[in-house]
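Just passing along the structure, written as structure tokens.
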Amino acid sequence: MLYVLAVALALITNPQYGPDSRIYLAWTYWYLGHPQAEAAQLSYNYLWDNTGLKDCWSCWPDDYHEKFFTGQYAAVVGPRVLLPFLSAPFVALMGPMGMLVVPIVGYALAVVATVMLASRLWGQRWALVAGAVLLLPVYVSRWSVVAHTEGPAFALLAVPLLLLPLAMRVTRKHLIAYVALVGLGMLNRQFAIALPVAVGFAWLLVFLRDRKFFNVWFPFAFWGNFVGFGILLAQMLITPMIFGGEELSLVGQFNDLSMQYFQTSGVGAIPTVTWNVITSDLLRVRYDLPLMALLVLVTFAVVWRWRSELSAMAAGAFLSVSAINIVEFWPAAFRYHAPIVPLLVLAAVALLADLWGPLRQRPSRSTEAVPRPPAYRVTTPPETKPARRWKPTVSGLRWIGELPVHAWLVISVLTAVTFWELQDRTWHYGPSSIYHLAWTYRILGYSPADATAQTYDDLHNMPFFGSGCGGPCWEYGDYWIYQHATSGDPNLVYPLLSAPFVHFYGFSGLLVVPVVAMLVAIVMLTLFATRRWGPAAGTLTAVGFLLTDRIASAGLAGTGDMLAIALGIGMLFTLPLDGRRNRRALATFGVLLVLALASRSTSITLVGAIGVGWLCHSLVTRSVRNRWTPFAAVAGLAVVGVVSLGQVSAIVDARYLGRAREVISEGTGGVAGSIADRLHEMTSIDGTYIAADALLCAVLMIAVIAAPLRSLRDPLAALALGGGIVSVLLGLLVGVPSGARQFSIVYPLFLLTTVGLLVSLSRRLRPEVPGEAAPEPAGVRAIGSPVPVAAGVAEAFPDLNAPRLAADDLTPDDPRTGLEAPARPGAPA
């Protein structure tokens, strides 16, 4: 399901053809029997006006009919026979769109191979994690639907990993198959040399670690590099002879370009070119929060798990690709590194498995040298009496509150990365900031005219100012900002809280409350999920919230969105999710809801969530008078009170209904036509904006499916269902495309519903564990045949029947899943 989503989002947000596609398509037609000039013309006929080539001023030279098959083009594309050869039958059947089949299938094979290897190493739970981490970065999945060689390159790196001695005994058949795949990869793109280089790094690590030159990695390293570099050399020498072209001199190209752009060449140009490539790629990659988080995690994994073969391979592959990228001179926006991401994902998940897995190991001692006992291979021996519950192991872990230190460290690092990424690429102020800042100055004692003038002076140079009411509305005088239903949100709570900061820091003080609200929201969301499901689920929830780009950006925007999100999360602690609550909780709920409604108009979705929560519980209990009834009543009174107060005082007013009257009075097809037009706007404008955030789309997709199905069993799912319904209706009535802002207040409910589903799924993937008092029958081994254990591994699991299980591994009779375990011994469930 996630793979289909990733491919669909890539199709929506990216062109399917790039500058290189024109040459691959021409060569494909040539392989189909067309003359070279005709093949080039067919490629031109299809791609000349394609959006992916619109900025390519040099794509179609005057002599492209001949040039595509000679010279520099032939030297580069000629050796890459795999993509045109495999695509030829699909192009013959489907036309040029057939060029996308091989990349899509190649990416799918890479996902399957990554999941299979992760399952072998750490079990099914971590296989699920590895697959999700691979699918979420949009700067990686985008290449699955582009007619370039990256798609098959994914498969030709990931599939060979299954043949390597990673927790598996290998034979000569594995070696032969591996070498064959290396050769096949070199016929796809020259960057495939990264795989044998990575294996060479693994051999070198094992040689230094175990002091054994002819170790199990030696034949893979030797023959892989022999075949890889041999084919690379042959391609550079033979291709010019076949196609009458010229040799591809990367060194000469590097020297010419570095002299042209940086006035230096040779070794002296390497630092300058390297810095240019790094900074340029970071400026592009920073728009992909999951990818940035993955790169940070891989860096920690390689350093901390320095004895690991996977870490060595990840470092070798990344360094080799980076070296070729630097020699090629041009920044590539992570394009060259994308095919090695499956290896980076495995290295990152290895660290997570060491810290959170069923058999925890110290990362600095962890290796993949021998078959590790994944959780699914542990069996339950016959029991003579009921097994006692396993106690969670905290040996070697330090705890801060309800989470271990490494969980807080992950959340802290990702918070810093998120703020660092968003600070330069987010518009900190938008049209809504005009109203909030003007009312803030009014609260500080400015007259309406002075507040309007000061707001104009502060914001008229901001990037947003030319759009919407940023510029044109100022011609209406000094009072238009303060009229009824002018602003999209109430201007009471957020301006009131921001007033002292604006007084001391100027208009920049408008950002203090969102930043603080985001930090508070992260902590509250983490604690809520931890208390409900355990520390692993709490950490996962915080990570999911931080990496949702379209939601996290509200933490650095001068609007009331993040404040309302934090207030909505705070309400979760007061709701009767699992039992009746006292009057203090009810009063606290009412206060938080009123503050949210007075901060952001879309907080009305929280009222809808409470209403559906009450309705679902009424259906279950067959009574309208239940523990949710007081909360539904308070929510109804709160929304009526705030909306009524807004009719009296403009500072509390907001466009709750917006252009709702147009749904009835306008539209080519009456009410149905107006609704259809609104739905088209929401899907075309908002949908395109949201599609750039794969994690947000994944959470929405899962929540849309899970919320209706689980609403009668899971109160969080019922809340998500109600919030989603009201947010869609509100979007139709307001009629103003707003991206993710329309449902951002209830996004934590969607996220928690998704985590709840994953917790339920983890119960099915939970390993069976032996009873604490049940002895192992004679002659029965829980893991299979013993194997030699490399240095430093024996301490990790000296006795598999000893009580060493982590907090997420309980006996099968425990009603809670692994993620639902108490945070630490003695903590309340």
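Taking the stretch 518-575 on its own, how many of its residues are of a type in the set (S, T, N, Q) and in a helix (DSSP H, G or I)?
Selection size over the stretch 518-575: 5.
Okay, next question. Looking only at the stretch 570-622, which residues are farther than 30 Å from residue 486 by Cβ and of a type in the set (Ser, Thr, Tyr)?
Selection gives 574, 588, 618, 621.
State the number of residues belonging to the stretch 403-414 that are surrounded by 19 or more Cβ atoms within 10 Å (Cβ to Cβ) and more than 21 Å from residue 532 (Cα to Cα).
Of the residues in the stretch 403-414, 1 are surrounded by 19 or more Cβ atoms within 10 Å (Cβ to Cβ) and more than 21 Å from residue 532 (Cα to Cα).
So, of the residues in the stretch 404-444 that are part of a helix (DSSP H, G or I) and among the aromatic types (Phe, Trp, Tyr), which turns out to be farthest from residue 599 (Cα to Cα)?
408
Still on this structure: Could you tell me how many of the residues in the stretch 113-125 are out of contact with any Leu (no Cβ under 7 Å at 6 or more places or on another chain) and assigned to a helix (DSSP H, G or I)?
Residues that pass the stated criteria total 4.
Note down all Cβ pairs under 8 Å where the first residue falls in the stretch 523-536 and is touching a residue at least 40 places away in the same chain (Cβ under 8 Å), the second is of a type in the set (Phe, Trp, Tyr), and they're at least six residues apart or on different chains.
524/573; 525/545; 528/573; 536/356
Under the condition of being among the polar types (S, T, N, Q) and within 30 Å of residue 169 (Cβ to Cβ), which residue from the stretch 111-150 is surrounded by the most Cβ atoms within 10 Å (Cβ to Cβ)?
My answer is 114.
Residue 446: among the aromatic types (Phe, Trp, Tyr), farther than 26 Å from residue 571 by Cα and at pLDDT below 90, yes or no?
no
Taking the criterion of being at pLDDT 85 or above, crowded, with 22+ Cβ neighbours inside 10 Å and part of a loop (DSSP other than H, G, I, E, B), would at least one residue in the stretch 338-345 satisfy it?
Among the residues of the stretch 338-345, not one is at pLDDT 85 or above, crowded, with 22+ Cβ neighbours inside 10 Å and part of a loop (DSSP other than H, G, I, E, B), which makes the answer no.
Filter the stretch 25-47 down to the residues that are crowded, with 22+ Cβ neighbours inside 10 Å and of a type in the set (Phe, Trp, Tyr), then identify the one that is nearest to residue 81 (Cα to Cα).
27
Out of 723, 687, 673, 731, which single residue is modelled with pLDDT of 85 or more and in a helix (DSSP H, G or I)?
723
Residues are listed down the side, and each one gets a yes or a no for (1) over 30 Å from residue 419 (Cβ atoms); (2) among the polar types (S, T, N, Q):
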position	(1), (2)
224	yes, no
236	yes, no
239	yes, yes
261	yes, no
265	yes, yes
285	no, no
288	no, no
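Hey, does the stretch 576-583 have a residue that's under 16 Å from residue 637 (Cβ atoms), part of a helix (DSSP H, G or I) and of a type in the set (Lys, Arg)?
Yes.
Do any helices (runs of 4 or more DSSP H) entirely within the stretch 33-105 hold 2 or more residues that are out of contact with any Leu (no Cβ under 6 Å at 6 or more places or on another chain) and farther than 11 Å from residue 23 by Cβ, and if so, which?
Passing ranges, in order: 36-47, 64-67, 82-94.
The values are calculated or read from the model by the stated rules, or taken from the named source; none is laboratory data. What you are looking at is a predicted structure, and each value in this text was computed from that prediction instead of being measured. All Cβ positions, even for glycine, are placed from backbone atoms using ideal geometry, and neighbour counts span all protein chains on display.
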